[in-house]
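All remarks here apply to the structure that follows.
The values are calculated or read from the model by the stated rules, or taken from the named source; none is laboratory data. Since the structure is predicted, the reported quantities are computational estimates derived from the model, not experimental observations. Reconstructed Cβ throughout: ideal geometry from the backbone, glycine too, with neighbour counts over all protein chains shown. Keep in mind that these areas ignore ligands, DNA and RNA; they rest on the heavy atoms of the full protein, side chains included. Shrake-Rupley method; radii C 1.70, N 1.55, O 1.52, S 1.80 Å.
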Amino acid sequence: MNILVLVKQVPDTSAIKIDKETNTLIRTGVTNIINPDDLAGVEEALKLKEKYGGTVTSITMGPLQAEAMLIELMAMGVDQAYLLSDRRFAGSDTWATSKILSSFIQTLDYDLIIAGYQAIDGDTAQVGPQVAEFLDLPQVTHLSEIIELDGDELVVVKKTDYELDTLAVKLPALITTRKEMNTPRQMNAFEIWNLDKKKVMIKTFDDLSIPLSDIGLAGSPTKVKKTYTRPVTTKAPKVEMNEVDAAKKIVDLLYPYMEVKSHG
Ligand code: FAD
């Protein structure tokens, strides 16, 4: 099975600033990480490859600095990677980004496309579904599990706040993954040793078959009118109690946000 995983390098959202002129995010000089939902997708792709054979290819659209992320993914076991990078892509909203990605994907041979459910900076969750639409592929979003490959169908579990469905989707298809699905593997010595046999292939607008008017700000129907930081208006409640009760209260308040790890 040949699997394409769409990955996005995202800025550390706590360090982000906004260009007031263009209302776009300033990404230079900010620490970057691999979008967590995409890392889950890479892990699922590698597990599928281990079970059924094939290849795993990562694709990102972004600045040249995203090459480091792709090398990291290859050190985890990804076979090859494409970086779509061109100044003419700058200003692309989710629509234009999806156009660029799908136009390039059309040139590849694949059975399955995996995208993250959403990126932690843009947060729209639009790119995966739009790529599926542009490529005329069936899609299943919000996955919590991939059960098996059954003939030419992938059996998956879709989990949202309202539903838990087991679905079979005919390949080729696009699925979106969430970070809760798995714990991504680390880079390993064997793959790092093999890195010289792998490469990041850089592609530009000239490798695509779409007009210039489809990309960048010109091809982006989203117009950001205004951005602002929401002022904090609510005051934290003040409660007086002894240390023991205070400790219990803090644990109760934090418990829903804590990741409970088993050491068994
Ligand atoms: P989501 O839709 O939440 O992402 C879902 C999944 O899609 C991800 O988990 C990942 O698997 C995949 N995915 C998303 N983006 C990519 C990607 N680039 N490559 C591969 N896979 C991907 N961003 C810039 O970097 N430079 C700009 O100049 C710029 N200009 C913009 C101008 C406007 C008017 C707007 C509205 C946005 C702009 N953006 C720019 C942001 C950019 O459009 C989004 O970051 C991008 O389209 C992805 O949207 P998202 O973050 O909501 O991703």
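Annotations
- Residues that are touching a Ser or Thr at 6+ places or on another chain (Cβ under 6 Å) and hydroxyl-bearing (Ser, Thr, Tyr), drawn from the range 106-156: TYR117, THR124, THR141
- Residues of the range 164-183 that are in contact with a strand residue (DSSP E or B) (Cβ under 9 Å, 6 or more places away or on another chain) and open to solvent by 40 Å² or more (accessible area, probe 1.4 Å): LEU164, ASP165, THR166, LEU167, ALA168, LYS170, PRO172, ARG178, LYS179, GLU180.
- Some residue of the range 86-103 being farther than 30 Å from ASP150 by Cβ, modelled with pLDDT of 95 or more, away from the ligand (no atom under 11 Å from the Cβ) and part of a loop (DSSP other than H, G, I, E, B): yes
- The C-beta contact set for the range 54-82 (first residue over 13 Å from LYS198 (Cα atoms), second residue in a loop (DSSP other than H, G, I, E, B), distance under 6 angstrom, 6+ apart or interchain) comprises GLY54/MET1; THR60/VAL7; LEU64/SER85.
- Residue satisfying condition, being open to solvent by less than 60 Å² (accessible area, probe 1.4 Å) and assigned to a strand (DSSP E or B), within set LEU137, LEU149: LEU149
- Residue that is nearest to ASP206 (Cα to Cα) [pool: residues in the range 111-121 that are under 18 Å from the mean Cα position of the chain (by Cα) and more than 7 Å from the ligand (Cβ to nearest atom)]: ILE113
- Residues satisfying the criterion are present in the range 73-82 (criterion: among the polar types (S, T, N, Q) and under 16 Å from LYS203 (Cβ atoms)).
- Taking the conditions (1) in contact with an Asp or Glu (Cβ under 7 Å, 6 or more places away or on another chain); (2) within 11 Å of the ligand (Cβ to nearest atom) in turn, MET69 satisfies each one other than (1).
- Pair list, Cβ under 8 Å, 6 or more apart: the range 160-178 residue under 11 Å from LEU143 (Cα atoms) and touching a residue at least 60 places away in the same chain (Cβ under 8 Å), other residue buried (at least 18 other Cβ atoms within 10 Å of the Cβ) and among the charged types (D, E, K, R): THR176/ASP37; THR177/ASP37; THR177/ASP38; THR177/GLU44; ARG178/ASP37
Here's the yes/no breakdown for (1) in a loop (DSSP other than H, G, I, E, B); (2) modelled with pLDDT under 95; (3) among the small types (Gly, Ala, Ser); (4) open to solvent by less than 100 Å² (accessible area, probe 1.4 Å):
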site	(1), (2), (3), (4)
PHE190	no, yes, no, no
ASP196	no, yes, no, no
LYS223	yes, yes, no, no
THR227	yes, yes, no, yes
THR233	yes, yes, no, no
GLU240	yes, yes, no, no
LYS248	no, yes, no, no
LEU253	no, yes, no, no
LYS261	yes, yes, no, no
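- Within the range 105-134, being part of a helix (DSSP H, G or I), open to solvent by less than 10 Å² (accessible area, probe 1.4 Å) and more than 16 Å from ARG178 (Cβ to Cβ) holds for ILE105, VAL131, ALA132.
Yes or no, residue by residue, for (1) under 19 Å from THR124 (Cβ atoms); (2) at pLDDT below 90:
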position	(1), (2)
THR22	yes, yes
ARG27	yes, yes
ILE33	yes, no
GLY41	yes, no
LYS51	no, no
